[in-house]
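Accompanying notes for the structure given below.
The values are calculated or read from the model by the stated rules, or taken from the named source; none is laboratory data. From a predicted model like this one, the values you see are computed outputs, not experimental measurements. Glycine gets a Cβ as well: all are built from the backbone with ideal geometry, and neighbour counts include every protein chain shown.
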Amino acid sequence: MRKTVIGVAAAVLITISGQAMASGGIELPKQHWSFEGIFGTYDRGEAQRGLQVYSEVCAGCHGLSLIYYRNLMGLGYTKDQVKAFAAEYEVEDGPNDEGEMYMRPAKPSDRFVNPFPNDKAARAGNNGALPPDLSLVVEARVGGPNYLYNLMAGYVEPPAGVSVMEGMSYNAYYPGHQIAMPSPLSDEAVEYADGTKATVAQMARDVTTFLTWASEPNMEERKGMGIKVLLFLIVLTGMLIAVKKKIWADVH
């Protein structure tokens, strides 16, 4: 219970705080997010589009190793939809009766399939750089969702007189402004199933909502429990005050 109350208090502090700052001291333009505040919830439309962006753009390099496919039901998908989505990927299983490992379609009970079998393979496929797992990327970065959104939408031409090292890209919100990862998004990089126009800003927003959910898929449940605890404490306090007045009234 104590952790729940602390979590709600933290959410209030985050809500009333000013503009977020990136770890490099860069001021981040603040976005309005549906999941902010005590009563905030995830926008299912944004999160589902964000899953599409992750799957088609990000999943080739970045894993999501702490999330199970079955967790996607929390975003409004049915069991059959989750089963079909998981089956698009393969996982190693075994050993079989012959003592050999084999590949099979992923199941809802499996974790999201990592794009690389190990870190060395990941580095080999990315010029020595290790793409971070995105399961907790929102919580791990100062500025949270605002940092992630601005990072993905912040690829611009460098200002006059600023030179960018070979193999690097200029990003207005990355500490030092030079980042090894090229811009992952471009207009119409995906074709949204719901007809939403896939601009860079829209895709950055959608995948940020999805990755925020991935960082804390139980947020709505936690907030709901916190609200119930606060209401209980308010009622209990009122009852205690009433009892106190009654007792002291009898004394006098």
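Structure values in brief
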item	result
Failed item in (1) at pLDDT below 95; (2) touching a Gly at 6+ places or on another chain (Cβ under 8 Å); (3) outside any helix (DSSP H, G or I), with Gly37 passing the rest	(2)
In the stretch 169-207, residue farthest from Arg44 (Cα to Cα) [restricted to those that are in contact with a strand residue (DSSP E or B) (Cβ under 6 Å, 6 or more places away or on another chain) and hydroxyl-bearing (Ser, Thr, Tyr)]	Ser169
Which listed residue is part of a helix (DSSP H, G or I), touching a Lys or Arg at 6+ places or on another chain (Cβ under 9 Å) and not β-branched (Val, Ile, Thr), from Asp194, Asp206, Asp187	Asp206
The stretch 100-146, residues that are within 21 Å of Asp206 (Cα to Cα), out of contact with any strand residue (DSSP E or B) (no Cβ under 9 Å at 6 or more places or on another chain) and buried (at least 19 other Cβ atoms within 10 Å of the Cβ)	Leu134, Ser135, Val137, Val138, Gly144, Pro145, Asn146
Residues within the stretch 96-133 that are within 24 Å of Gly25 (Cα to Cα) and touching a Cys at 6+ places or on another chain (Cβ under 7 Å), tallied	1
Residue tally, condition crowded, with 17+ Cβ neighbours inside 10 Å and in contact with a Ser or Thr (Cβ under 8 Å, 6 or more places away or on another chain), over the stretch 172-203	4
Count of the stretch 219-244 residues which are of a type in the set (Ser, Thr, Tyr) and closer than 24 Å to Trp33 by Cβ	0
